[in-house]
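Remarks on the structure that follows.
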Amino acid sequence: MVVQEDGTTRIHVRPASSTLGDLYELHVGRLVGLARLLTGDAAAAEDIAHDAFIRAASKMGTLRDPERFDTYLQRTVVNLCHSRGRRRALEVAWLRRARPTEVVQPPSTEIRDEVWRAVLALPDRQRAAVVLRFYEDQSEERVGHILNCSPKAVNALVDRAKQTLRDALAEEDER
């Protein structure tokens, strides 16, 4: 513990000499508290605190000033809370715009099964692109990284898959 010129005290930890578990124990409670004050949501606060620690720990070797690890953690929590707030505001705005004027019934089990059969009939790479992109909600860049191809190739795979699905489902409707 160090007393600074302004009279405040600050705990300095040397990440290089501490175990990751020690650092976690030292900081996680305060990070959860900070995130909870910023979000007002206890569950989200825990998630944010853990994410912040994981991000900071992964950058530990590249920090310019390891003595400021705690500051880096707090800044990461603030940034993650800010990002969460922006995402939630976008979600709320979208839901307000997308609110249907009438109640939409979910697709029947028969229709769902028909769509899933069509997805399973897709070629492997197209099916992987569709599943990762829409079921796993991954970005084109991330899907490209997973499938070892460019984002444009992912886009092409998804477009071909959607056309194949449209054709297959149109054939089913004609029967």
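The values are calculated or read from the model by the stated rules, or taken from the named source; none is laboratory data. What you are looking at is a predicted structure, and each value in this text was computed from that prediction instead of being measured. All Cβ positions, glycine included, derive from the backbone under ideal geometry; neighbour counts span all protein chains shown. Note: accessible area is taken over every heavy atom of the protein model, side chains too, but ligands, DNA and RNA are not part of it. Shrake-Rupley method; radii C 1.70, N 1.55, O 1.52, S 1.80 Å.
Counting only protein heavy atoms and using a 1.4 Å probe, the accessible area of Ile54 comes to about 110 Å². Here the extension length gained between Lys59 and Arg142 equals 27.8 nm, from 0.36 nm per residue of separation less the Cα-Cα distance.
Roughly speaking, what % of Cα-Cα pairs in the stretch 47-87 are separated by over 11 Å, rounded to a whole number? Summing the P(r) of the stretch 47-87 above 11 Å gives 60 percent of all pairs. Accessible surface of His50, taken over heavy atoms with a 1.4 Å probe and every protein chain present, rounds to 60 Å².
In this calculation the C-beta distance from Ala42 to Asn155 is compared with R0 = 41 Å, giving a FRET efficiency of 0.55. Across the protein chains, with a 1.4 Å probe defining accessible surface, the residues Asp124, Asp70, Asp113 rank Asp124, Asp113, Asp70 from largest area downward.
Using C-alpha pairs below 8 Å separated by at least 6 residues, the relative contact order for the stretch 94-175 is 30 percent.
Considering all alpha-carbon pairs of the stretch 120-171, what whole percent are spaced by more than 17 angstrom? Result: 27 percent of Cα pairs exceed 17 Å. If the chain linking Ile111 and Arg166 were pulled fully straight, counting 0.36 nm for each residue of separation and taking away their Cα-Cα distance, it would gain 18.5 nm.
Given a cut-off of under 8 Å on Cα pairs at least six residues apart, what relative contact order in percent is computed for the stretch 28-77?
Values: 41 pairs, mean separation 19.2, N = 50.
For the stretch 28-77, the relative contact order is 38 percent.
In debye, nearest 20: dipole of the stretch 30-98 around its Cα centre with unit charges on the Cβ of K, R (+) and D, E (-)? Let's see the in-between values first.
On the way: 13 positive and 8 negative charges, 74 e Å.
It works out to roughly 360 debye.
Per residue, the Cα convex hull of the stretch 26-100 amounts to 94 Å³.
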